[in-house]
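**Student:** Let me begin by handing over the structure; questions about it come next.
FYI, it's all coordinate maths here, none of it is from the lab. Because the structure is a prediction, the values reported are computed rather than measured. For neighbour counting, all protein chains shown are included, and Cβ atoms are generated from backbone atoms with ideal geometry for every residue, glycine included.
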Amino acid sequence: MKVSVIIPTYNERDNLEELFERISDSLGRAGYDFEIVVVDDDSPDKTWEYAEALGKTKGYPVKVIRRINEKGLSSAVIRGFKEASGDVFVVMDADLQHPPEKIPELVGAIEEGADIAIASRYVPGGGVKNWYWYRKLISKGAIMIGRIALPKIRSVKDPVSGFFALKREVVENAELNPIGFKILMEILIKGTYKRVVEVPFTFGLRKAGESKLSGKTMINYLKHVYRLMKWEGELDRLIKFSIVGTSGIFVNEGFLWFFVSELGMDKYVANVPATELAILNNFLWNDLWTFRDLRKRSLWRRLLSFHVAALTGAIVQWIIYAPLVYLGINYLLANLVGIGASFIVRFLFNRNVTWG
């Protein structure tokens, strides 16, 4: 099979010679036919020009695409997919933080049956070099957000890796339209595949150029997750869950009034059946509407799990409410914060357990 190594670049001239040499050595020793596809966003340091020169003077199989009026790492990768001639695509950065020596292992995983092979920092044997604690926190936080918001990728340890290989067929008919740098997450949601494997690697030190991490990068990541949630239908599901929860408030209040005012029940006692009827109301509508497509477990197991979710949410609400009140926060505001946290916990529990 032919391997196309796709490298989006912007001001990476100083890294190219070593990068091309190491790619050629690793793939040449493994016996692969390959090409290097450089997609450059008209770099001021003329990365595109130097890449062409290296191809001519050193004989590297380089294809250079210079984009004049378009910028962005993910869109550059998509352009590379369109221009590449290989059966397997490998995506990597030009900054030498992705070791080219790992490419044969990624391609080998594809040959052994994987559709996507990810160079992962977060599986046993993987890691990062010399990151500050806040950089690790940002990375782990981004992954946690993605895996919570997008259940399809929750089994992938490093869904934001920028170093991966895949079969051409995975993206051939996919409508990719990512924001920012996390093209892999887009592929995992929209691509055509069955099997994903993760290969451990150590994220190295940048040799030259500037890091891509910035406040704008993080905002774009959140926008990207939001768009993928919308595309997957998870945003609609969240809205439906909110509507059902709101209906439960009216059921709870209505029956509480009926039991106390019409039946003469004690106010404290009446709250128990009113709450249970609200839970049953919410379960019914969530089962018939919000999570209808995810009903796999038996009705009684779903119902029991839904009650556990409600109890868990109540506990979380109290755990947040009590300390905030103790710290002097207005009790109504503290309760509102607790309700918000409880809502998130209940939604995630039900999405991933009750109807997971």
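**Student:** Aspartates and glutamates near residue 152 by alpha-carbon distance under 14 Å, same-chain residues fewer than 8 away left out - which ones?
**Tutor:** Qualifying aspartates and glutamates at Cα under 14 Å: 186, 232, 234.
**Student:** Here's a follow-up. Using the membrane-span-like helix rule (whole DSSP H runs, Cα extent along the own axis of at least 18 Å, mean Kyte-Doolittle hydropathy at least 1.0), which helices of the chain qualify?
**Tutor:** 299-326, 331-349
**Student:** Could you work out how far apart the two model spin labels at residue 261 and residue 295 are, taking each label as a point 7 Å from the Cα in the direction of the beta carbon, and quote it in nm?
**Tutor:** Reported label-point gap for residue 261 and residue 295 is 3.5 nm.
**Student:** Would you mind putting 324-333, 120-129, 341-350, 105-114 in packing order, based on average other-beta-carbon counts within 10 Å, highest first?
**Tutor:** Output ranking for 324-333, 120-129, 341-350, 105-114: 341-350, 105-114, 120-129, 324-333.
**Student:** For volume of the Cα convex hull per residue in Å³, which listed value, (i) 154; (ii) 136; (iii) 166, comes from the coordinates shown?
**Tutor:** (iii)
**Student:** Next up: Grab the DSSP H runs of the chain that are 4 residues or longer, score each as -39,500 (n - 2.57), total them, divide by all residues and round the 222 nm result to the nearest 500 deg cm²/dmol.
**Tutor:** -17500 deg cm²/dmol
**Student:** In the structure shown, do any of 46/136; 46/157; 2/194; 63/102 have a Cα-Cα gap over 29 Å, and if so which?
**Tutor:** 46/136; 46/157
**Student:** Along the charge dipole of the range 2-232, Cβ charges K/R +1 and D/E -1, which of 53, 166, 188 sits furthest on the positive end?
**Tutor:** Comparing the listed Cα positions along the dipole, 188 ranks first.
**Student:** Related question: Could you give the dipole magnitude of the range 234-354 about its Cα centre, charging the beta-carbon of Lys and Arg +1 and that of Asp and Glu -1, in debye to the nearest 20? Walk me through the numbers on the way to the answer.
**Tutor:** Numbers: 11 positive and 8 negative charges, 114 e Å.
With only Lys, Arg, Asp and Glu charged at Cβ, the dipole is about 540 debye.
**Student:** Considering only 106, 350, 155, whose Cα is most displaced toward the positive end of the charge dipole of the chain, charges sitting on Cβ of Lys, Arg (+1) and Asp, Glu (-1)?
**Tutor:** Final value for the positive-end residue is 350.
**Student:** Need the full-extension length gain, residue 308 to residue 129, defined as separation in residues times 0.36 nm minus the C-alpha distance. One decimal, nm.
**Tutor:** Numbers: separation 179, 0.36 × 179 = 64.44 nm, distance 4.18 nm.
Difference between extended and current length: 60.3 nm.
**Student:** How much length is gained if the chain between residue 202 and residue 247 is pulled fully straight, taking 0.36 nm per residue apart and subtracting their Cα-Cα distance, in nm to one decimal?
**Tutor:** Length gained, residue 202 through residue 247: 11.2 nm.
**Student:** Moving on. How high is the relative contact order of the range 2-232, in percent, with contacts defined as C-alpha pairs under 8 Å that are six or more residues apart?
**Tutor:** That works out to 24 percent.
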